[in-house]
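Q: Dumping the structure here so I can ask a few things about it.
The values are calculated or read from the model by the stated rules, or taken from the named source; none is laboratory data. What you see is a predicted model, and the numbers here were worked out from it, not measured in a lab. Every residue, glycine as well, gets a Cβ built from its backbone with ideal geometry; the counts of neighbours run over all protein chains shown. Protein only, heavy atoms only, side chains kept; ligands, DNA and RNA dropped before computing areas. Shrake-Rupley method; radii C 1.70, N 1.55, O 1.52, S 1.80 Å.
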There are 2 protein chains.
Amino acid sequence: MVRPSRSQDAHERPTARTRIVEAAARLFQSQGYAGTGLTEILRASKAPKGSLYHYFPNGKRDLAGEAARVAGARFADTMARMAGESASSAQFVVQFTGQLATWLEESRFRQGCPLATLALELAPGDSEASDTLEGVFAAWQDALKLRLEADGIAPERAGRLALLILSSIEGALILSRTARKTEPVLSVGEELAALIESHRGT
Amino acid sequence: MVRPSRSQDAHERPTARTRIVEAAARLFQSQGYAGTGLTEILRASKAPKGSLYHYFPNGKRDLAGEAARVAGARFADTMARMAGESASSAQFVVQFTGQLATWLEESRFRQGCPLATLALELAPGDSEASDTLEGVFAAWQDALKLRLEADGIAPERAGRLALLILSSIEGALILSRTARKTEPVLSVGEELAALIESHRGT
DNA sequence: GTCTATATAGACCGGTCGGTCTAATCATGG
DNA sequence: CCATGATTAGACCGACCGGTCTATATAGAC
């Protein structure tokens with residue numbers, strides 16, 4: 001049936017499925033859904049077209065959903081790790097936006113939010129994809145909310161604050177990419193930190 | 001030479017150029033750049049392909065630039081009008097996000113920010129388009145900054161606040177579109193208003 | 001009128017799109 | 001060692017892509 005769990009062995013090459021999903025996530029992130037052809041994904045992942053339709057019988061749409069889930073989970077892991085290591089919510093936001101700025105520069109401003117392009121192109125026309133993306137965004141917001149609550153901020157307030165933080169970071173990533181400068185995302189990070197500080201224990 | 005200025009006569013049908021740009025702006029906004037074909041734009045604008053390449057010899061890219069300029073200017077006009085009519089920056093932000101929520105619902109969440117999709121798909125690969133988009137974003141931010149300064153907020157602070165407001169509204173539009181709910185953009189509007197109030201006269 | 005530049009009209013092009021299909025190969029359990 | 005299903009491999013398909021080109025209509029200048 002399914003390939004046994006050897007797929008994670010250290011010395012083994014990732015399976016074709018993994019390579020396809022990784023390449024798709026990266027390419028969708030930088031070029032968008034419609035702007036990325038299956039041929040390009042296959043070339044980047046060194047996989048044949050047969051494998052793609054073996055693992056994703058419904059083709060490009062299913063692949064986009066899986067890519068969004070994987071990339072979203074990885075993003076969430078990074079957030080959770082940094083949230084755990086930081087001394088306060090405010091410090092966390094500054095560190096996180098700093099990390100985003102680094103990633104922007106490393107990719108020469110080609111890679112922003114891993115989900116934003118997919119969200120704009122697929123929602124709300126593709127309701128299944130929208131549900132997936134909505135779930136990932138909600139998970140991110142929840143991670144932020146938990147971190148704020150750990151600083152003593154009341155749940156209701158933390159939820160609204162988390163939404164503001166997530167929204168402003170998403171928007172700042174767009175502005176930074178467009179301007180090819182890290183300043184927007186860094187400035188927003190600092191402003192958010194100041195805002196959080198003013199909410200300590202409320 | 002150029003068609004005389006009859007093009008604005010009230011009883012006259014808009015020129016093919018205008019129709020093409022309007023249709024392109026609308027379609028790019030909802031489906032993205034790569035996801036919108038020239039044939040679709042031509043069908044929507046009832047214009048022949050010859051006209052498109054007559055007005056935009058460099059084709060789709062030039063058309064996207066012009067569509068972004070036109071849509072961006074219209075957005076800026078709306079902001080300026082609402083800013084002038086509002087009693088305070090905070091009230092303005094609430095009214096503006098309310099208007100955005102209405103537009104989202106009217107389009108059944110298909111039309112968010114007129115520039116976001118173009119920005120994510122074209123920047124930073126197309127530096128000319130990036131420059132255009134960056135200019136429009138900067139104009140929006142400046143309109144916000146001016147409104148904040150009119151409330152007595154210091155220029156440096158107003159600039160950073162304007163960036164935060166613009167970013168968070170951009171991000172909230174993505175989240176609202178994905179979730180097919182107006183709640184994110186409305187909630188962000190209220191949070192921003194509260195934030196602005198806390199800055200009165202600083 | 002005639003001349004000239006603008007604008008309309010759409011057939012046509014090579015290339016790429018997402019998707020289908022058949023055949024070969026591989027790995028594993030009996 | 002064979003049987004079986006998972007996987008790889010890529011030729012192939014019709015549709016559509018952005019872009020080019022030639023021919024025609026239209027309108028203002030003189």
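Q: Name the residues in the stretch A:23-37 that are away from chain B (no Cβ under 14 Å) and either within 14 Å of DNA strand D (Cβ to nearest atom) or exposed (fewer than 14 other Cβ atoms within 10 Å of the Cβ) (or both), would you?
A: Within the stretch A:23-37, the first condition is being away from chain B (no Cβ under 14 Å), and the residues that meet it are A:23-26.
A:A23 - this is the single residue of the stretch A:23-37 that is away from chain B (no Cβ under 14 Å) and either within 14 Å of DNA strand D (Cβ to nearest atom) or exposed (fewer than 14 other Cβ atoms within 10 Å of the Cβ) (or both).
Q: Please indicate, with yes or no, whether at least one residue in the stretch B:65-84 is among the β-branched types (V, I, T) and more than 10 Å from DNA strand D (Cβ to nearest atom).
A: Of the residues in the stretch B:65-84, the ones among the β-branched types (V, I, T) are B:70, B:78.
Narrowing further to those that are more than 10 Å from DNA strand D (Cβ to nearest atom): B:70, B:78.
Yes: one or more hits.
Q: Out of curiosity, is B:A158 more than 11 Å from every other protein chain (Cβ to nearest Cβ), open to solvent by less than 20 Å² (accessible area, probe 1.4 Å), within 24 Å of A:L161 (Cβ to Cβ) and in contact with an Asp or Glu (Cβ under 6 Å, 6 or more places away or on another chain)? Before you say what the answer is, go through the steps one by one.
A: Working: more than 11 Å from every other protein chain (Cβ to nearest Cβ): yes; open to solvent by less than 20 Å² (accessible area, probe 1.4 Å): yes; within 24 Å of A:L161 (Cβ to Cβ): yes; in contact with an Asp or Glu (Cβ under 6 Å, 6 or more places away or on another chain): yes.
Answer is yes for this residue.
Q: Sticking with this one: Does any residue in the stretch A:39-68 that is under 24 Å from A:E128 (Cα atoms) come within less than 8 Å, Cβ to Cβ, of a residue that is near DNA strand C (Cβ under 7 Å from one of its atoms) and open to solvent by less than 10 Å² (accessible area, probe 1.4 Å) six or more places away or on a different chain, and which pairs are these?
A: A:L52/A:G59; A:Y53/A:G59
Q: Sticking with this structure for a sec: Would the stretch A:48-56 turn up any residue that is open to solvent by less than 30 Å² (accessible area, probe 1.4 Å), within 14 Å of DNA strand D (Cβ to nearest atom), modelled with pLDDT under 95 and over 30 Å from B:K60 (Cβ atoms)?
A: No: zero hits.
Q: Return yes when A:A143 is surrounded by fewer than 22 Cβ atoms within 10 Å (Cβ to Cβ), at pLDDT 95 or above and within 9 Å of another protein chain (Cβ to nearest Cβ) and no when it is not.
A: Details: surrounded by fewer than 22 Cβ atoms within 10 Å (Cβ to Cβ): yes; at pLDDT 95 or above: yes; within 9 Å of another protein chain (Cβ to nearest Cβ): no.
Criteria not met by A:A143.
Q: Find the residue count for the stretch B:121-130, including only residues that are more than 15 Å from the chain's Cα centre (by Cα), surrounded by fewer than 24 Cβ atoms within 10 Å (Cβ to Cβ) and at the interface with chain A (Cβ under 9 Å from one of its Cβ atoms).
A: Applying the first criterion (more than 15 Å from the chain's Cα centre (by Cα)) to the stretch B:121-130 yields B:121-128.
Then keep just the ones that are surrounded by fewer than 24 Cβ atoms within 10 Å (Cβ to Cβ); that gives B:124-128.
With at the interface with chain A (Cβ under 9 Å from one of its Cβ atoms) added as a condition, the list becomes B:124-125, B:127.
Of the residues in the stretch B:121-130, 3 are more than 15 Å from the chain's Cα centre (by Cα), surrounded by fewer than 24 Cβ atoms within 10 Å (Cβ to Cβ) and at the interface with chain A (Cβ under 9 Å from one of its Cβ atoms).
Q: Of the conditions (1) part of a helix (DSSP H, G or I); (2) crowded, with 23+ Cβ neighbours inside 10 Å, B:E134 fails just one. Which one is it?
A: (2)
Q: Mind listing whichever residues of the stretch A:14-52 are among the basic types (K, R) and not in a helix (DSSP H, G or I)? Step through it out loud before you land on a result.
A: Of the stretch A:14-52, the ones among the basic types (K, R) are A:17, A:19, A:26, A:43, A:46, A:49.
A:K46 - this is the single residue of the stretch A:14-52 that is among the basic types (K, R) and not in a helix (DSSP H, G or I).
Q: Tally the residues that are assigned to a helix (DSSP H, G or I) and open to solvent by less than 30 Å² (accessible area, probe 1.4 Å), restricting the search to the stretch A:87-120.
A: Here is the first cut: in the stretch A:87-120, the residues assigned to a helix (DSSP H, G or I) are A:89-106, A:116-120.
Next, only the ones that are open to solvent by less than 30 Å² (accessible area, probe 1.4 Å) stay: A:89-90, A:92-93, A:96-98, A:100-101, A:104, A:116-120.
Residues flagged as assigned to a helix (DSSP H, G or I) and open to solvent by less than 30 Å² (accessible area, probe 1.4 Å) within the stretch A:87-120 amount to 15.
Q: Working only within the stretch A:101-120, note down all residues that are more than 9 Å from chain B (Cβ to nearest Cβ) and β-branched (V, I, T).
A: The one that is more than 9 Å from chain B (Cβ to nearest Cβ) and β-branched (V, I, T): A:T102.
Q: Give the residues of the stretch B:174-192 that are more than 7 Å from every other protein chain (Cβ to nearest Cβ) and either touching a Lys or Arg at 6+ places or on another chain (Cβ under 8 Å) or open to solvent by 10 Å² or more (accessible area, probe 1.4 Å) (or both), sorted by residue number.
A: First, the residues of the stretch B:174-192 that are more than 7 Å from every other protein chain (Cβ to nearest Cβ): B:176, B:181-183, B:185-186, B:189-190, B:192.
Hits for the stretch B:174-192 are B:K181, B:T182, B:E183, B:L186, B:E190.
Q: Can you tell me how many residues within the stretch B:38-47 are open to solvent by 80 Å² or more (accessible area, probe 1.4 Å) and of a type in the set (V, I, T)? First the steps, then the outcome.
A: Taking the stretch B:38-47 and keeping what is open to solvent by 80 Å² or more (accessible area, probe 1.4 Å), we get B:39, B:43, B:46.
Subset that is of a type in the set (V, I, T): B:39.
Residues that pass the stated criteria total 1.
Q: I'd like to verify a number: residues in the stretch A:57-92 that are within 16 Å of DNA strand C (Cβ to nearest atom), touching a helix residue (DSSP H, G or I) at 6+ places or on another chain (Cβ under 8 Å) and more than 14 Å from chain B (Cβ to nearest Cβ), how many? Break it down stepwise before answering.
A: So in the stretch A:57-92, the residues within 16 Å of DNA strand C (Cβ to nearest atom) come out as A:57-68.
In the following step, the residues that additionally are touching a helix residue (DSSP H, G or I) at 6+ places or on another chain (Cβ under 8 Å) were identified as A:59-61, A:63-68.
Next, only the ones that are more than 14 Å from chain B (Cβ to nearest Cβ) stay: A:59, A:63, A:66-67.
Of the residues in that region, 4 qualify.
Q: When only residues in the stretch A:38-47 that are among the charged types (D, E, K, R) and away from chain B (no Cβ under 14 Å) count, which is nearest to DNA strand D (Cβ to nearest atom)? Before you say what the answer is, go through the steps one by one.
A: Kept after step one, since they are among the charged types (D, E, K, R), are these residues of the stretch A:38-47: A:40, A:43, A:46.
Add one more test, that the residue is away from chain B (no Cβ under 14 Å), and what stays is A:43, A:46.
Working: A:R43: 11, A:K46: 7 Å.
Looking at residues that are among the charged types (D, E, K, R) and away from chain B (no Cβ under 14 Å), I get A:K46.
Q: Can you report the number of residues in the stretch A:57-86 which are open to solvent by 30 Å² or more (accessible area, probe 1.4 Å) and part of a loop (DSSP other than H, G, I, E, B)?
A: Qualifying residue count for the region: 2.
For every residue, the table says whether it meets (1) in a loop (DSSP other than H, G, I, E, B); (2) without any contact (Cβ under 8 Å) to a residue 60 or more places away in the chain; (3) within 25 Å of B:C113 (Cα to Cα).
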{"residue": "A:K145", "(1), (2), (3)": "no, yes, no"}
{"residue": "A:G152", "(1), (2), (3)": "yes, yes, no"}
{"residue": "A:R160", "(1), (2), (3)": "no, yes, yes"}
{"residue": "A:R177", "(1), (2), (3)": "no, no, yes"}
{"residue": "A:L195", "(1), (2), (3)": "no, yes, no"}
